[in-house]
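The values are calculated or read from the model by the stated rules, or taken from the named source; none is laboratory data. Predicted model, so just to flag it, every value in this text is computed and none were measured. For neighbour counting, all protein chains shown are included, and Cβ atoms are generated from backbone atoms with ideal geometry for every residue, glycine included. Accessible surface areas use protein heavy atoms only, side chains included; no ligands, DNA or RNA. Shrake-Rupley method; radii C 1.70, N 1.55, O 1.52, S 1.80 Å.
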Amino acid sequence: MDPSSQSRRIAFLGDYVPRRCGIATFTHNLCEAVARQEEQPDCIVAAVNDRPEGYDYPRHVQLEIQQKDAESYRLAADALNGKMIDVLCVQHEFGIYGGPAGSHLLALLDEVRMPVVTTLHTILQDPDASQRHVMKGLIKRSDRLVVMARMGKRILCEAYGVPETIVDIIPHGIPDVTFTNSAKFKRQFGVDGKTVLLTFGLLGPGKGIEYAIRAMPEIIAQHPDCVYLVLGASHPNLLAREGEKYRTSLEHLAEDLGIGEQVIFFNRFVSNEDLMEFIGASDIYLTPYLNEAQITSGALAYAFGAGKVAVSTPYWHARELLGDDCGVLIPFRDAGAIAHAVNELLDDPERMRRIRRKSYETGRTMIWPVAAGRYLETFEHAIADRRPLPEPVVSKWAHAIRPGRLPALKLQHLSRLTDATGIFQHAVFNVPNYNEGYCTDDNARAFILCNMLDDSSIALPVTKEYLDLLATRYLSFLVAAFHESSGRFRNFMSHGRKWLEEMGSEDSHGRAIWSVGSGASRSHNEGHRRICTHLFERALPAVISFTSPRAWAFALLGIHEYERNQPELPEIRRIRDLLVKRLLVLWDECSDTDWPWFETRLTYDNARLSQALILSSQSIPHPRAMEAGLHGLRWLADHQQSPVGHFRPIGSNGFHEKDGDRADFDQQPIEAQAMVSASLAAFRATGDDFWWHEARRAFNWFLGRNDLGIPLHDAASGGCRDGLHHNRANENQGAESTLAFQLALAEMTAAEHSLNYLTNPAHELLDSMQPRPDASPGKLTSDHPALHPV
């Protein structure tokens, strides 16, 4: 080691304990091990928070980054530059950084001035456009890359064109434990005298634990003293979507097989020390994982290094680690093979002793002090071979990015308007007006907002739990509003919870369809998704008989939302095609050179007609739908621009008849919101930055770039005034206006996050904005053990 390393300042970036995740544990163990090296480098940590209040971090943490706040990354970069850091060690895993595919991290790496060493915990062999953009960005901005297995290096070199000379293979670090007999640990877990099989880590269907359970009857038939310990909590994302469905299915499977007493679940979080005691108590470690493309498993590394006999499916890391008779590999999804391998091992104690000793001796090359020493060597190489920083690539959208700071997202007024029934329609100033009660229109808008926030990468001003509570209240209102026998939504409800009509307007029905379509595809709450799917499929057929073009447009927006993550159904496709044709018939009948529009009158939510065609044309090959949508929207944008250039929506006090005078007041927030949404849809569809500027122009109306120069939004609470009269603002802050502002702000914020640091071409941009499946068959995952939420 170069003597200069004695004074090195090293910064680690990633999740950090006490946060309960594998990356947090890895970063902590690596930082502590490096700090204890004889060179005694000065180590600090920049920790990524997944909640606003952060954590009670230990001494090494000197910086905190809010995961979804792009500005937080830039501030952290400035702070790191000011601390005279010699090298930055980044822990990268998809899902722990904010922005599309974690692109906020690139903002930080663009600004830091020290060498960067990036440890890749997950490598995607077949990434989507956003993930490929981030991977390429990481590679360009890193002086050296660290992977934990040979296959990882091979993928980087072959799939991403990374030079072999900048990739170091450093195995996953493990604790240094003594080689002991398992008997000393078994008593504390109540398995004294038993033969213990163990699996640990976050539970999820990909772990294949059901196959190990199905193997147990055959194992117990030959070795009646065997028990199987399943140690670990359900994966947090799985828990949020499905609850304990997977764990419960495993428990039921064990009961059905008559081995409920021999399969023991430990559903809890354990410390590093407790985990090693569980491993110490085991005789055979099982990893029946189902995905071959797993590049590293910290769980397997821990058990292997402790000298345990591992029986594993042949995912990539297992093949590398357990080859040469250092363990036993069995086929995927084969309970019989698991039983056969375990029984053979238990029948051959000498072979087990030989494998244990060989695994333990090999594991001494993986202990944290050794891993830390190799990281220090990598750091020195990065410093010595410092590559020049890449020249920034200017995207064709670069001038559209960061045109001015957007307001912070705040939901205080939304919460103020909401009670246990739903959201109140109106307010007197900023106080809910009970006399006006509730309506489906506003609860649908509020539910769309909750789903948008739940599914976005932007920083939330409230906890996920509170957002779920709000969403539940709005969805409950929609469920109550739906009349099963008629297939229609009611609209108005009194404060006393009495419906004021048997059937709501066509427009309110269409907006309700839009909201449940968004819930069916965007909500992370499984119960919400199921209810929304039911309501959507029951409510959609009624639209066929409607005559309102806006109801058609709202339904088309709902279909677009629904089909993001739902299979395309023939009946839904038929209704979508029918509604598109109806809007095009209106276009053919009403539009001309001077009035290229769908109706002979401009009223409210006008831009939604164009937006519906633009989005629908992306689902069906219909060039005329896209052409009419864009043509009409551009005319509307010009028609709603004042002589000095700001947004001037059609006024509701008379609207605008063809060949008649237009009303300039009263100006309503929903017009600005509709123009923001439609312009962003056009921007995504075409890549034409004209539409980005139109979205920003319309949004700036809320901020005071309007005819009166008066801000409509309340920066302190997130509320929004109800509109502009010719001489003043309407000071009431009702639900429609507040939600118009909140939805526009959420869309603009998400769009800016999608655009920041974008260098991929237009087709990649469009791909990156499309929904992707939850899992890719080419994903190489990492499975870190200690301090998992187990």
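If you go through the range 210-226 and keep only what is more than 14 Å from Leu257 (Cα to Cα) and buried (at least 21 other Cβ atoms within 10 Å of the Cβ), you end up with just Cys226.
Could you please give the count of residues in the range 606-664 that are closer than 24 Å to His726 by Cα, open to solvent by less than 40 Å² (accessible area, probe 1.4 Å) and either free of Cβ contacts under 8 Å to residues at least 12 places away in the same chain or among the aliphatic types (A, V, I, L, M) (or both)? Residues meeting the conditions: 6.
Each row is one residue, and each column tells you yes or no for (1) closer than 22 Å to Glu465 by Cα; (2) out of contact with any Leu (no Cβ under 8 Å at 6 or more places or on another chain); (3) at pLDDT 95 or above.
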| residue | (1), (2), (3) |
| --- | --- |
| Asp507 | no, yes, yes |
| Arg511 | no, yes, yes |
| Ser515 | yes, no, yes |
| Arg529 | yes, yes, no |
| Val543 | no, no, yes |
| Phe546 | no, yes, yes |
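Applying the set (1) closer than 30 Å to Asn291 by Cα; (2) assigned to a helix (DSSP H, G or I); (3) out of contact with any strand residue (DSSP E or B) (no Cβ under 9 Å at 6 or more places or on another chain); (4) among the basic types (Lys, Arg) to Lys68 leaves exactly one unmet item: (2).
For the range 156-200, taking the residues that are without any contact (Cβ under 8 Å) to a residue 60 or more places away in the chain and in contact with a Cys (Cβ under 9 Å, 6 or more places away or on another chain), the one that is nearest to Glu261 (Cα to Cα) is identified as Lys194.
Filter the range 451-467 for residues that are assigned to a helix (DSSP H, G or I) and touching a residue at least 60 places away in the same chain (Cβ under 8 Å) and give the result.
Those that are assigned to a helix (DSSP H, G or I) and touching a residue at least 60 places away in the same chain (Cβ under 8 Å): Asn451, Met452, Leu453, Asp454, Lys464.
Candidates in the range 85-96 are the residues that are modelled with pLDDT of 90 or more and open to solvent by 10 Å² or more (accessible area, probe 1.4 Å); of these, the one that is farthest from Val162 (Cα to Cα) is Ile85. Looking only at the range 475-501, which residues are part of a helix (DSSP H, G or I) and either open to solvent by 10 Å² or more (accessible area, probe 1.4 Å) or more than 21 Å from Ile544 (Cα to Cα) (or both)? The answer is Leu475, Ser476, Phe477, Val479, Ala480.
Only one of Ala24, Ala11 is at negative phi, open to solvent by less than 10 Å² (accessible area, probe 1.4 Å) and part of a helix (DSSP H, G or I); which?
Ala24
In the range 374-387, the qualifying residues are those that are within 13 Å of Asp168 (Cα to Cα) and not hydrophobic (A, V, I, L, M, F, W, C), and the one that is surrounded by the most Cβ atoms within 10 Å (Cβ to Cβ) is Tyr375.
Could you list all residues from the range 413-462 that are of a type in the set (S, T, N, Q), in contact with a strand residue (DSSP E or B) (Cβ under 8 Å, 6 or more places away or on another chain) and under 19 Å from Leu745 (Cα atoms)? Residue satisfying the conditions is Asn443 alone. Between Gly504, Gly519, Gly558, which is assigned to a loop (DSSP other than H, G, I, E, B) and open to solvent by less than 20 Å² (accessible area, probe 1.4 Å)? None of the others qualify; the one that does is Gly504.
From the list Gln425, Gln412, exactly one residue is open to solvent by less than 40 Å² (accessible area, probe 1.4 Å) and modelled with pLDDT of 95 or more. Which is it? Among Gln425, Gln412, only Gln425 is open to solvent by less than 40 Å² (accessible area, probe 1.4 Å) and modelled with pLDDT of 95 or more.
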